[in-house]
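All remarks here apply to the structure that follows.
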Amino acid sequence: MVDGKAIVDQDKCLGCGRCERKCPNEAITITLDNSSYVDELIASFEAYVDVI
Ligand code: SF4
């Protein structure tokens, strides 16, 4: 919290989007500046699970 407002630590945020889906006031929106981020994230998951 900073000055009574929640902030996201960009260095720790994984971009999972849970906060966007859960916020009842639609106060947060997730955008990805790096268009290859999703592909990189999926590739990292595929070592542990089957991604379909
Ligand atoms: S996108 Fe995920 S990791 Fe980032 S702030 Fe929201 S819930 Fe936390």
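Since every read-out is calculated from the coordinates, none of them should be taken as a lab result. Please read all numbers here as calculations on a predicted model, not as lab measurements. With ideal geometry, Cβ positions are generated from the backbone for all residues, glycine too; neighbour counts draw on all protein chains shown.
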Return the inverse of the average 1/r over all pairs of distinct C-alpha atoms in the chain, which is the Kirkwood hydrodynamic radius, in Å to one decimal.
13.2
With a 10 Å Cβ neighbour count serving as the proxy for reagent exposure, in which order, fewest first, do 48, 37 appear?
48, 37
The chain - mean residue ellipticity at 222 nm from DSSP helices (-39,500 (n - 2.57) per run, n ≥ 4, rounded to 500):
-6500 deg cm²/dmol
